[in-house]
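For reference, the structure is listed below as structure tokens.
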Amino acid sequence: MTLNNKILNFINNNAEDEFDSYYIYDNQKISEQCQIFQNISYKNKSIHFATMANINPYFLRIVKEAKINVFVNSILHLEEISKVGFKNKEIIFTSSALSNKIMKHAESFNVQINLDSPNQLKQWQKLFPEKAVGIRCNIGNKVKPYSTHAGFFIGEKSRLGFTPEEIAQISDKSKIKGLHLYVGTDIFDIDYFINCYKELADIAMDFPKLEYLNFGGGFGVSENGEKQFNISEYNTRVTELMNEISLSYGKNLKLILEPGRIIGGEAGYFVSNITDIKKRGDKQLVGINASTVQFPRPLLYPETAKHPVMIIRDGIQLISDKNHSTTIYGCSTYSRDIFSENINLPELRIGDTIVFGNSGSYSASSHMQFLGFPKPKEFFV
Ligand SMILES: Cc1ncc(COP(=O)(O)O)c(C=O)c1O
């Protein structure tokens, strides 16, 4: 992966700040990713960025300027996005196991809410008997479920949403104004999306007062940018499907999408410096001035979070034979503080800069207090 000049120049101009690890984002890339969803042809649509992927206010402002709305799953994020200026009608709140207090709090923002279970619906109807609401659906095994990065989001192995049986048992279906589905994350297979959406569409026919179908997010991002999500095919197929559904339903239903990872994933980089090197036979163990609690994807998903690694030496990106088995570790005593294990890199030196690509989503927003390292600064260029 080659760093573009804008990112490289920023890093070089900050080189004297040797002991600060930080995130840097390419603003234009974020805007472009917002635009690909705005370009979806189906007219009656609303695109909501999933803020768990990135909650930085500056990031959210870029999203807002691109006329993208937001989806949140917590009160804290609801408050954060309100500060950035998102209006009620631009916000979706979907979560699970809400207490009475949190449910009332979320409702007081007057945003669109999707509930996760029959008990949550009962609780809602007791609190707000006249107010229609959305539900999150688990389509069960109607489509063979995928296990994605974070496990299963549909089918028997998923904890989330109403099962088909629970959906059928909802007594007053006219009080449900929207159906929500989230099929998994980091998916490239458009057939899978469409097959799942079709199952939701079948369910929709039993609900007489629907306003929207929310198909969630899950759009894939590849490690090295070598594969792109085929948004053009997705656009054609989702638009075709929504037109068919609206025709059968007898009403132009609103399409809602909640892209997270794909909006900022490739736009973000995590930058740190090499502070120690240990030679172990043919292998180099490379210590950097950061901990995975500051860049937690490798800690949370050690098997699957394979971030591309780039090296800068003397201001230039080092491109050479990658012939040393390398493990990059964090500056703590925690044995699992490992960024990358057994990857091939050139022989490295103390003082080289390490840049992890594909770090704009679920990275800064996952910072943990564990181990005691500060939340890294985030820069936008
Ligand atoms: C309900 C819901 N919608 C959207 C998203 C965003 O997903 P992704 O980042 O895979 O696009 C998530 C992520 O967890 C989610 O739980």
> Whose amide H sits under 5 Å from the amide H of D352, counting only residues 5 or more places off or on another chain, with H placed in the peptide plane?
Replying inline: I274
>> If R₀ is 30 angstrom, what is the calculated FRET efficiency for the pair N14 and S232, using the beta carbon separation as r and rounding to 0.05?
In response: 0.20
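Calculate, in nm to one decimal, what R336 and T239 gain on full extension: separation in residues at 0.36 nm each, minus their alpha carbon distance.
Numbers: separation 97, 0.36 × 97 = 34.92 nm, distance 4.48 nm.
That pair, R336 and T239, stretches by 30.4 nm at full extension.
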> So what is the calculated 222 nm ellipticity per residue for the chain, using -39500 (n - 2.57) for each DSSP H run with n of 4 or more, over all residues, to the nearest 500 deg cm²/dmol?
Replying inline: -8000 deg cm²/dmol
> In nanometres, what is the gap between the two model label sites at T275 and K101, each 7 Å from Cα along Cα-to-Cβ?
Replying inline: 3.9
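Using Stokes-Einstein with the Kirkwood hydrodynamic radius over Cα pairs, what translational diffusion coefficient do you get for the stretch 249-310 at 25 °C and a viscosity of 0.890 mPa s, in µm²/s rounded to a whole number?
On the way: Rh = 15.5 Å.
For the chosen part, D equals 159 µm²/s.
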> Each residue of the stretch 44-50 in order: what ³J(HN,Hα) in whole Hz does its phi give by Karplus 6.51 cos²θ - 1.76 cosθ + 1.60, θ = phi - 60°, with x for Gly and Pro?
Replying inline: 7, 9, 9, 9, 10, 5, 7
> What spacing in nm lies between the two simple spin-label points modelled at K375 and L247, each 7 Å away from Cα in the Cβ direction?
Replying inline: 4.9
> From largest to smallest, what semi-axes in whole angstrom does the chain give when each is the square root of 5 times an eigenvalue of its alpha carbon gyration tensor?
Replying inline: 41, 21, 20
>> Taking 30 Å as the cut-off for C-alpha to C-alpha distance, list the pairs among K43/K126; K157/K375; K67/K251 that go past it.
In response: K43/K126; K157/K375
> What is the gain in length, in nm to one decimal, between H367 and E65 on full extension, counting 0.36 nm per residue of separation less the C-alpha to C-alpha distance?
Replying inline: 106.1 nm
>> I need the Debye-formula profile for the stretch 244-381: one equal scatterer per C-alpha, no solvent, reported as log10 I(q)/I(0) at q = 0.09, 0.12, 0.17 1/Å, two decimals.
In response: -0.34, -0.52, -0.92
>> Please report, ordered by residue number, every helix of the chain (full DSSP H runs) that is 24 Å or longer along its axis going by C-alpha atoms and whose mean Kyte-Doolittle hydropathy reaches 0.5.
In response: none
> Say we join alpha carbon atoms closer than 10 Å with springs in a Gaussian network model of the chain; which of I113, I92, I194 then has the biggest fluctuation?
Replying inline: I194
> Each label point is 7 Å from the Cα along the Cα-to-Cβ direction; what then is the distance between the points at D321 and D172, in nm?
Replying inline: 7.5
>> For the stretch 87-259, take N as its residue count and report Rg(C-alpha) divided by 2.2 N^0.38 Å.
In response: 1.03
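None of the figures in this text is laboratory data; all of them are computed from the coordinates on show. Values in this document were obtained by computation on a predicted structure and should not be read as measured data. When we count neighbours, we look across all protein chains shown, and the Cβ atoms used for this are built from the backbone with ideal geometry, even at glycine.
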